[in-house]
Amino acid sequence: MAKKISAWWSAHKPTRRRLIQVYAALLYNAHVKGFIKGDIYTGPIKNVCVPGFNCYSCPGAIGACPLGALQNALASSNNRAPWYILGILMLLGVTLGRTICGWLCPLGLIQELLHKIPTPKLKKSRFTRALSWLKYVILAVFVIAIPLAYAPQSFPVPGFCKYICPAGTFEGAMGLLANPVNAPKFSMLNILFTRKFIIMVAIFTACVFVYRAFCRFICPLGAIYGLFSRLSLLGVKVEAEKCTHCGRCVAHCRMDVRHVGDHECIHCGACVGVCPTKAISMKAGRITLMANEGEKENEKPKRARRAVAWTLAVALLLGVGYYVNRDANRSAETPVIENTPEPDDGTPVGYEVGQRCPDFTVPLYDADGAQFTLGEKRGRIAVINFWATWCTPCVAELPHFEKLHAEYPDVEIVAIHSSLVTDDVQAFLDKKGFDLPFALDADGSVIKALGGSTQLPMTVIVDQSGKIIYNKVGSVTYELLESLIKELM
């Protein structure tokens, strides 16, 4: 029995690459609290891009997606050049290249697991090799052209994220909607989500039959890293003097490579063990990380080094996990607005319906230092909308508040932009020509004081006595807003 178990484990134990893939997925998504609370992490680490494909909006994500960051930067390029993210991509390209695809990408792991489902498989051919160039077309159109086209209009459109990205649908949208806390978000779903959901299902289905279908034919991040195939420090290398050009490595590879290490190679190392002359190895500069050695006399020192490396890696994972999930994380706490007056009727100050709304002051856009102070609006109905230029549902519902502002001049209405500003908000407002007062929640303290987080849009309605009668995340209609106002009047 023991021999059978040992034989089974030897045949099915995860490879070193699979363990690193799982580790990378856990490290990228170490914000466990996000899955519990149904919210995303917005701490300081989120300003750093992870190397692989991982959605910024995933509840567990601790870093930004480099592809999403590139699109947002290009969308804002009318105001500033995207040197920061371009520098990051170049650094990752010249150091790791497409090794990121083979070892450090969670979406690559998902594709490989889907491909393990027992079905007939489509083998690579001239057709798949030609189709592999499609990802460069997608890179040019959806990642570069569309964001740049909308940049002069101060209306950021991250084309790939908005229209195609399966990671955004699976990790971001579905990851958040899976939590009951976000049930109001279902009202915001429209044809755009339906199309992206169908695209996601189609891509994942293709991955069952075609090895890494998304990676080979669609992924623009892999296309970017592929541009650095001849320059990357880490990757599979071939010793020319040992190579006999037998072609066994290319035949064994499931990617659409023409030769080892080209722009389609993900440096998985599968070719290392099949080379009859041991000409192929995985290297980082002059350091050999993986080779077909045959003899095992140096196995003990290697095991010791691996044990140390994994110990440090696990320590890093635990440390990062503790940092982003700790209770002392100030970024997740609800701030106290100190200038809130003492309630005169015993009503507690808070953000729930029936509680007295905390007072706050925010600077108004295009008003020469003017401010909106909620405490000064006592005796009048106040409607507070939290929005952002990059939030499509937010922009779609702004006309409702504009109409309400025109129809009910005695109602105080203010639209407060998120602290996350990716483009010129004033230019956007000038183009739209709204008369509605707009303000900025510069540090995010106001939306947190009202029980909100990073999820938009959000609307709060306060009655004449300062009590909250409506506070919800999600899109609203003009009819809903008007009915609530009429009840109070």
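The values are calculated or read from the model by the stated rules, or taken from the named source; none is laboratory data. Quantities reported herein were computed from a predicted structural model and do not represent experimental measurements. All Cβ positions, glycine included, derive from the backbone under ideal geometry; neighbour counts span all protein chains shown. Accessible surface areas use protein heavy atoms only, side chains included; no ligands, DNA or RNA. Shrake-Rupley method; radii C 1.70, N 1.55, O 1.52, S 1.80 Å.
Annotations
- Taking the chain and dividing mean pair separation by its residue count, relative contact order in percent (alpha carbons under 8 Å, at least six apart): 15 percent
- On Cα atoms only, tilt of 392-407 relative to the major axis of the chain in degrees: 10 degrees
- Our summary of shape: the Cα atoms of the range 168-217 have principal axis extents of 37, 20, 13 Å, ordered from largest down, in whole angstrom.
- Amide proton proximity set for residue 372, modelled H, under 5 Å, gap of 5+: 362, 364
- Hull volume per residue, based on the alpha-carbon atoms of the chain and their convex hull, is 184 Å³.
- Helix-derived mean residue ellipticity, 222 nm - over the chain, DSSP H n ≥ 4, -39500 (n - 2.57), to 500: -11500 deg cm²/dmol
- For the range 377-489: accessible area per residue (Å², 1.4 Å): 38 Å²
- The range 411-463 shape via C-alpha gyration tensor axes, a/c threshold 1.5: oblate
- Annotation for residue 209 and residue 347: the two label points, set 7 Å from Cα along the Cα-Cβ direction, are 6.1 nm apart.
- Cα-based helix-to-principal-axis angle, 16-28 vs the chain, degrees rounded to 10: 10 degrees
- Shape of the range 129-202 from the C-alpha gyration tensor: oblate (a/c of 1.5 or more and a/b not above b/c, with a ≥ b ≥ c the square roots of its eigenvalues).
- Residue 186 paired with residue 427, simple spin-label distance in nm, labels 7 Å along Cα-to-beta-carbon: 4.0 nm
- Exceeding the 24 Å Cα-Cα cut-off - candidates 116/185; 13/116; 13/33: 116/185; 13/33
- Per atom type, the chain shows carbon and sulfur on 62% of its accessible surface, probed at 1.4 Å.
- Values of log10 I(q)/I(0), in the order q = 0.08, 0.16 Å⁻¹, for the range 164-308 under a Debye, Cα-only, solvent-free model: -0.37, -0.94
- Heavy-atom accessible surface of the range 1-140, averaged per residue, reaches 51 Å², computed with a 1.4 Å probe.
- Trypsin sites (Lys or Arg not before Pro) restricted to DSSP loop in the range 254-295 with at most 13 other C-beta within 10 Å: 258, 286
- Residue 140-residue 84 FRET efficiency (beta carbon distance; Förster radius 22 Å; 0.05 resolution): 0.55
- The range 175-294: relative contact order as a whole-number percent, Cα under 8 Å and 6+ apart: 20 percent
- Angle between the chain longest axis and helix 191-209 axis [Cα atoms, degrees, rounded to 10]: 10 degrees
- Computed with a 1.4 Å probe on the full set of protein chains, the accessible area for residue 249 sits at about 30 Å².
- Annotation for residue 277 and residue 246: the two label points, set 7 Å from Cα along the Cα-Cβ direction, are 1.0 nm apart.
- In plain terms, the chain from residue 302 to residue 434 could stretch by 40.9 nm, reckoned as 0.36 nm per residue minus the Cα-Cα distance.
- Cα gyration tensor category, rounded, prolate or oblate, for the range 22-132 with a/c compared to 1.5: oblate
- Between the amide H of residue 64 and those of 48, 49, 50, distances stay under 5 Å, these residues lying 5 or more places away or on another chain, with hydrogens modeled in the peptide plane.
- Dimensionless Rg ratio for the range 103-167, taking C-alpha atoms and the 2.2 N^0.38 Å reference: 1.49
- In order through the range 472-486: 3J(HN,Hα) via Karplus (6.51 cos²θ - 1.76 cosθ + 1.60), integer Hz, x for Gly, Pro: 9, 8, x, 6, 10, 10, 5, 4, 5, 4, 5, 5, 5, 5, 4
- Multiplying the residue separation of residue 403 and residue 480 by 0.36 nm and subtracting their alpha-carbon distance yields 26.4 nm.
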